[in-house]
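Each remark here refers to the structure printed beneath this line.
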Amino acid sequence: MAYELNVNGVTMNADVDPDTPLLWVLRDTLGLVGTKFGCGIAQCGACTVHADGAPIRACMTPIEAIGDAKITTIEGASALEVGARVQKAWSELDVAQCGYCQPGQIMSATALLSQNPAPTDDDIDAAMAGNICRCATYVRIRAAIKRAAGQEA
Amino acid sequence: MGMITNITQGFSPSRRAVLAGGGAGGLVLAFSFAGKGAAADGPAKLNAYVQIAPDGIITIVSKNPEIGQGIKTSLPMLIAEELDVDWANVRTVQAGNDPQAYGRQFAGGSMATPLHWDQLRQVGAAGRAMLMAAAAADWSVDVASLTTEPGVVVHAASRRRATYGALAAKAATQTAPELSSLKLKDAANYRIIGQPIPQVDTAAIVTGQPLFGIDMRLPGMLYAAYEKAPVFAAKVAGADLAAAQAVKGVRKAFVVEGGTELDGLLPGVAVVADSWWAANKGRQALKVQWADHPTSSQSTPGYAGQARSLVAAKGGKSLRSDGDVEAALSGSAKTVEADYFYPFLSHATLEPQNCTAHFHDGKMEIWAPTQLPEPGRQLVAKTLGIAPENVIVHMTRSGGGFGRRLMNDYMVEAAWIAREAGAPVKLVWTREDDMRHDFYRPAGFHHFRGGVDSAGNITAWANHFVTFGEGEATARSAGMAATEFPAQFLPNYKLDVSMMPLGVPTGPLRAPGSNAIAFVVQSFIDELAHAGGVDPVEMRLRLLAQSSGGAFDAERMAGVVRLAAEKARWGKTTLGPRQGQGIAFHYSHLGYFAEVAQVAVAQDGTVKVEKVWVAADVGRQIINPLGALNQIEGSVIDGISEMFGEITIKDGQVEQANFDTFPLLRIADAPVIETHFIKSDNPPTGLGEPALPPVVPAVTNAIFAATGKRVRSLPLKASELAAG
Ligand code: FES
Ligand code: FES
């Protein structure tokens, strides 16, 4: 099936089965490998991207469900004002260890701050609950979100 | 798409290729020398490489695999410091697997810092000496009259200056100096070591650039999924491949005979397709019959039953027996007897195991997220019958290691499948594959007996350890050293061990051995402290004062125990109902760690770890404080996370398959962590592991303080900790 997708503001074409998850279309068909595979069952958040600004788990979202939603991936995060701010905070605090979860963490944090520019700790817990960091960089993830929000602890 | 994602830019299988990329006029300083007292070809042999371009950009090769421990930053920092350059002008590249050029390359045991602290600083200093020799020759002055500023050689008397970039070509023709002739910097003059330096790959990580093994792409690359038996090493009895082959995009499905070695190529069925999704769909359509296997009756309750019998039989091989434990126990004011248990655990690296392989021109070329590339190369060579020199392994960044990638089973699978497929192939495991085909942290059983006298001092300690193994062979990572604390701290001490057979693969998980032993030993010390009416901190200091040798320096350990207690305001903090503090210490990987945990246990038994105070002694110098704190915080949370999950066995198979049944800690449950270092006058040591072991008993001891309930079995169960 031929699909036309809007990814990071660019129109892209993919000829794949309708049940193919967006994750594998991005990674294998379009070559955008920044979005990661961690679990395949919406448990870890490594595959988080935005559909019209809302965070979704690309591993459980079949391409047929995308329609004309605008997809933003980690490769396009810098083009978002909030995304760039989040990436900057992530770099300044050197949040990552292995780094594998961080594209998903950054996309979730960007979605949070886009909707809620001054999140409380509880807001952060709720918005980031779906993102596992196996290296357990949670202390810095929280600090980086606060830094990006301009509310340094 | 024909798109190539080159994640191996700057990676190279050979020194020649690393260096050839440097451009004309670049300086290559190549060092190859044996470490102190080591045989020329022995394991201490070390090589490192520095390249300086005419524009002053310094390229430093990082020899070891990067798995999130920050090595690609911290090892080049050592070289850059003594070379005397600006960190901003340093670029680092990942070495290829090349033991001849670089010596042993691995990520494990938190060994990189102790093994390279002296050697890599000498590599930098040698480079600086060659640059100075070049300037001395140019200017016809005595080299002793020269100094350096970052990136510049200076002759103060004549006010002459030359940049490293300008001197590089000539410096490359100088003879490498005797290492013993090199004077290393005074720590007071460090400009790079000790600075908080972000990881060199941070920018690529936060923008989603290809870095990891799973990101590898080659022209014409196909994708593979591999189905193995749920009972480890069971053979394929029959396979209907037709339905898999009928899936759109599937190119090939085939049976892999495989062997019986658990860390080698196991039997299975491979499906190769145009996309991974198609390969995985094909794999789901397979109908495979697995042969019967002798371990298919094993189970977690079965192991527990055997352990009970072994303990009751009081058998076991004596690993150590000091003094007279039985006499001391019968003369004790109080005795305590306790059975402890900890479960199997999975590594669950967030990047599932994967590997890309391409068999071409008689060579097997491999891109792998691996902690131990050379044994992987040998395994591939042996299994596929290819000469080792025709197997080339490129190390990619790993999305976590924790010991899982010390095994190269996925590497040999990818190599086998790629040769059979006749095309470059990327094998990607599902999470379910990963969790059900791990090398698990072994479960273990400890039957303790201990006594205290009327003053509360420990009189005797007996540990009957029931673990896994057969005959003389202990299962991998399932042993316990006869020197393990509190051996040599008590006059009456004994350790016996019994083993039972295991069909499940085991292996090192971050702080192997220690991650379990610390829990049982430090918990039982707490039990004896409470039995003797002695404060848990005081009890530990008393024990440490009784060192008669032992595996570590008791003074250094007492130092961190006191510091952790002081920082946590031990005994001085007002705590609410069902809130408590616990302390524990552990020595591993040359590091001294004591930790205090503060927990609150809800009425329903839910445990919340509120805060952890960490006191650490890893020597006189923290190389990169930014990375060091990250490792400690990660280890502490990792340890807490390990208290909530378990891998169980039923019918010889792992029951858990994904993060819904093997949970990992999430952000809301991460405690506040406060870290304090004691800078003792000892060589710096590694931080990838030693902060983990003490947190587990610190938390269980805190749970006892909060609830009066002693946790003797993991994982934590809320039902057992509920009020009332
Ligand atoms: S890969 Fe999608 S949530 Fe884990
Ligand atoms: S940094 Fe490794 S999983 Fe988050």
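The values are calculated or read from the model by the stated rules, or taken from the named source; none is laboratory data. Remember, it's a predicted structure, so these values are computed and weren't measured experimentally. We place every Cβ from the backbone using ideal geometry, glycine too, and count neighbours over all the protein chains shown. SASA here: full protein model, heavy atoms, side chains in, ligands and nucleic acids out. Shrake-Rupley method; radii C 1.70, N 1.55, O 1.52, S 1.80 Å.
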### When residues of the stretch B:640-664 are limited to those that are open to solvent by less than 20 Å² (accessible area, probe 1.4 Å) and facing another protein chain (nearest Cβ under 9 Å), the one farthest from B:P505 (Cα to Cα)
B:I640
### Task
Check B:D215, B:D201 and return the single one that is outside the structural domain of B:L83 (by TED's automatic domain parsing), closer than 30 Å to B:G268 by Cα and of a type outside the set (A, V, I, L, M).
B:D215
### Query
Residues in the stretch A:1-20: is at least one under 29 Å from B:K72 (Cβ atoms) and within 10 Å of another protein chain (Cβ to nearest Cβ)?
no
### Query
Only one of (1) surrounded by 15 or more Cβ atoms within 10 Å (Cβ to Cβ); (2) closer than 21 Å to B:H347 by Cα fails for B:A698. Which number is that?
(2)
### Query
Does A:R57 qualify as being more than 8 Å from every other protein chain (Cβ to nearest Cβ) and within 9 Å of ligand 1 (Cβ to nearest atom)?
yes
### Query
How many residues does the stretch B:54-86 hold that are within 14 Å of chain A (Cβ to nearest Cβ) and either surrounded by fewer than 24 Cβ atoms within 10 Å (Cβ to Cβ) or not in a loop (DSSP other than H, G, I, E, B) (or both)?
5
### Meets criteria (buried (at least 20 other Cβ atoms within 10 Å of the Cβ) and over 20 Å from A:V16 (Cβ atoms)) for A:D94
yes
### Summary
Of B:A162, B:A168, B:A157, the only residue that is free of Cβ contacts under 8 Å to residues at least 60 places away in the same chain and under 17 Å from B:V85 (Cα atoms) is B:A162
### Message
Looking for something within 9 Å of chain A (Cβ to nearest Cβ) and free of Cβ contacts under 8 Å to residues at least 40 places away in the same chain - is there at least one such residue anywhere in the stretch B:673-681?
### Response
no
### Task
Please give the number of the condition A:G67 fails out of (1) surrounded by fewer than 24 Cβ atoms within 10 Å (Cβ to Cβ); (2) within 11 Å of ligand 1 (Cβ to nearest atom).
(2)
### Task
Under 6 Å between Cβ atoms, at least 6 apart or on separate chains: pull out the pairs that start in the stretch B:545-556 with a residue that is part of a loop (DSSP other than H, G, I, E, B) and end on any residue that is buried (at least 16 other Cβ atoms within 10 Å of the Cβ).
B:Q546/B:F489; B:S547/B:F489; B:S547/B:A554; B:S548/B:Q488; B:G549/B:Q488; B:G550/B:Q488; B:G550/B:F489; B:F552/B:Y587
### Query
Does the stretch A:119-141 contain any residue that is farther than 28 Å from B:G70 by Cα and touching an Asp or Glu at 6+ places or on another chain (Cβ under 7 Å)?
no
### Meets criteria (in contact (Cβ under 8 Å) with a residue 24 or more places away in the chain, assigned to a helix (DSSP H, G or I) and within 14 Å of another protein chain (Cβ to nearest Cβ)) for B:I214
yes
## Note on the structure
With criteria (1) within 14 Å of ligand 1 (Cβ to nearest atom); (2) within 29 Å of A:A2 (Cβ to Cβ); (3) without any contact (Cβ under 8 Å) to a residue 60 or more places away in the chain; (4) of a type outside the set (V, I, T), A:R134 comes up short on (2)
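In this structure, is B:L350 within 26 Å of B:G444 (Cα to Cα), under 29 Å from the mean Cα position of the chain (by Cα) and open to solvent by 50 Å² or more (accessible area, probe 1.4 Å)? Reasoning before the result, please.
On the way: within 26 Å of B:G444 (Cα to Cα): yes; under 29 Å from the mean Cα position of the chain (by Cα): yes; open to solvent by 50 Å² or more (accessible area, probe 1.4 Å): no.
So B:L350 does not fit the description; no.
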### Message
Six or more apart or on different chains, Cβ atoms under 7 Å: show the pairs whose first residue is in the stretch B:425-439 and within 19 Å of B:E261 (Cβ to Cβ) and away from chain A (no Cβ under 11 Å) and whose second is in a helix (DSSP H, G or I) and modelled with pLDDT of 95 or more.
### Response
B:L427/B:Y410; B:L427/B:E413; B:L427/B:A414; B:L427/B:I417; B:D438/B:R404; B:F439/B:R404
### Message
Filter the stretch B:402-433 down to the residues that are more than 12 Å from B:M221 (Cβ to Cβ), open to solvent by less than 20 Å² (accessible area, probe 1.4 Å), in a loop (DSSP other than H, G, I, E, B) and touching a strand residue (DSSP E or B) at 6+ places or on another chain (Cβ under 8 Å) and list them by number.
### Response
B:N408, B:W429, B:T430
### Query
Given the conditions (1) open to solvent by 20 Å² or more (accessible area, probe 1.4 Å); (2) more than 21 Å from B:N658 (Cα to Cα), and given that A:I41 satisfies all but one, which numbered condition is not satisfied?
(2)
### Task
For the stretch B:165-196, enumerate the residues that are within 25 Å of B:S74 (Cβ to Cβ) and of a type in the set (A, V, I, L, M).
B:A168, B:A176, B:L179, B:L182, B:L184, B:A187, B:A188, B:I192, B:I193
### Task
State all residues of the stretch B:528-543 that are in contact (Cβ under 8 Å) with a residue 40 or more places away in the chain, in contact with a helix residue (DSSP H, G or I) (Cβ under 8 Å, 6 or more places away or on another chain) and open to solvent by 10 Å² or more (accessible area, probe 1.4 Å); if no residue qualifies, say none.
B:H530, B:G532, B:V534, B:P536, B:V537
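Within the stretch A:114-124, does at least one residue satisfy the condition of being open to solvent by less than 20 Å² (accessible area, probe 1.4 Å), touching a residue at least 40 places away in the same chain (Cβ under 8 Å) and closer than 23 Å to A:L26 by Cβ?
No, there is no match, as no residue in the stretch A:114-124 is open to solvent by less than 20 Å² (accessible area, probe 1.4 Å), touching a residue at least 40 places away in the same chain (Cβ under 8 Å) and closer than 23 Å to A:L26 by Cβ.
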### Query
Quick check: anything in the stretch B:640-658 in a loop (DSSP other than H, G, I, E, B) and of a type in the set (K, R)?
no
### Query
Hey, among the residues in the stretch B:195-211 that are of a type in the set (A, V, I, L, M, F, W, C) and open to solvent by 40 Å² or more (accessible area, probe 1.4 Å), which one's farthest from the other protein chains (Cβ to nearest Cβ)?
B:V200
#### Entry: Test set (1) open to solvent by less than 20 Å² (accessible area, probe 1.4 Å); (2) within 14 Å of chain A (Cβ to nearest Cβ); (3) among the polar types (S, T, N, Q) - B:N97 fails condition number
(2)
